[in-house]
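Asks: For reference, the structure I am asking about is given below.
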Amino acid sequence: MIIGLERLVLARLIDVVPTSGKPFYNGPFCALAGRSLEFISTGSGGELEFDQRVFRRVYSIMSELDIVFSIIEKIAKITEFWYDGFLNALDWKAYIQADIHSLHVELRSLCDSIALLLRLTGGAGQSPDSFTQLRNWCKKEDRARRLLGVPILHQIRGAEWYDILVDTRDRIIHHRVDVSVKYQYGIMFRLFKDVLPTDSEFKYTPFMEGDWVKFGLYAGYLIGSLIAFLNEVAYDTRGYLAPNTNSYGYIPARSGVATHFMEAARDSLMQKLRS
């Protein structure tokens with residue numbers, strides 16, 4: 001079962017950061033984000049009130065995704081400053097701990113924004129407006145299949161990455177556990193004794209070494225999974241919008257480090273599954 005799940009994650013990452021071909025910013029979400037950006041910037045392409053509401057929600061998701069990319073890049077830059085001797089170890093640890101905290105909060109908030117977008121489109125105002133409640137609703141309610149459609153329903157039900165994100169975030173926010181960090185061939189972190197539930201299958205993946213999590217692989221896994229989900233949502237959302245050929249593109253700023261982390265997570269899984 002663990003190998004099956006890892007193959008699923010690998011397929012997801014290859015879709016977002018293929019070993020050859022177009023990178024993720026040529027995918028459905030960035031195309032939809034381009035339409036949103038055109039509307040926000042020029043007012044065009046949103047003649048229908050429904051389209052305007054969708055574009056504003058997509059723009060909010062874009063903004064939150066930019067924050068996530070900025071946090072990841074900031075972590076990399078702070079680590080580079082420390083490695084080059086411009087920052088002492090205690091300050092480096094404090095800054096990285098704070099940014100890991102912020103990253104989980106922002107990712108969790110972004111997921112709720114996606115739930116709000118789905119409520120606006122397929123959910124027809126009937127689906128929950130938080131992602132946690134949306135997942136529970138999709139597991140229990142027959143009308144979820146009718147409203148959201150089978151592809152989106154399967155994506156929500158199969159979002160194991162969200163469970164790991166929420167567990168980590170809740171331990172930080174609600175259980176007041178401390179984030180410990182160290183540098184050993186890259187940034188590693190743990191929460192108190194363990195970042196993941198003891199019964200989580202992801203405890204045995206390449207993303208952990210003992211009870212330490214390899215931050216770059218872990219972040220690449222979470223962000224890659226999130227973007228893969230956003231692509232599915234965007235593909236579904238465009239069916240609700242008026243046809244339009246826009247000239248705007250959207251390439252997320254400061255996404256280079258996050259892209260590198262996604263590629264590293266992809267390559268790590270490929271190597272493990274070959275062995």
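Coordinate-derived values only; no laboratory data. All of these numbers come straight from a predicted model, not from anything done at the bench. As a convention, Cβ positions derive from the backbone with ideal geometry for all residues, glycine included, and neighbour counts pool all protein chains shown.
Asks: Tell me, what does the Kirkwood hydrodynamic radius of the chain come to in angstroms if you use every pair of distinct C-alpha atoms?
Replies: Every distinct Cα pair counted, the radius reaches 19.5 Å.
Asks: Still on this structure, I have one more. Given K77/K214; K214/K272; K74/K214; K77/K182; K22/K214; K139/K272, which pairs have Cα atoms separated by over 22 Å?
Replies: K22/K214; K139/K272
Asks: Specify the angular offset, from 0 to 90 degrees and rounded to the nearest 10, of the alpha carbon long axis of helix 89-120 from the longest principal axis of the alpha carbons in the chain.
Replies: Orientation of helix 89-120: about 20 degrees from the principal axis.
Asks: Okay, moving on. To the nearest 500 deg cm²/dmol, what mean residue ellipticity at 222 nm is calculated for the chain from DSSP H runs of n ≥ 4 alone, each contributing -39,500 (n - 2.57), summed and divided by the residues?
Replies: -21500 deg cm²/dmol
Asks: For a quick check of your reading of the filter: which GluC sites (Glu not before Pro) in the stretch 1-84 sit in a DSSP loop and have no more than 16 other Cβ atoms within 10 Å?
Replies: E47
Asks: For the stretch 102-197, how big is Rg over Rh, using alpha carbon atoms and the Kirkwood form of Rh?
Replies: Result: Rg/Rh = 1.08.
Asks: So, one more: I'd like to compare 87-93, 14-20, 265-271: which one has the highest average count of other Cβ atoms within 10 Å, and what's the full order after that?
Replies: 265-271, 14-20, 87-93
Asks: Compute the acute angle (0 to 90°) between the alpha-carbon long axis of helix 215-237 and the principal axis of greatest extent of the alpha-carbon atoms of the chain; round to the nearest 10°.
Replies: 10 degrees
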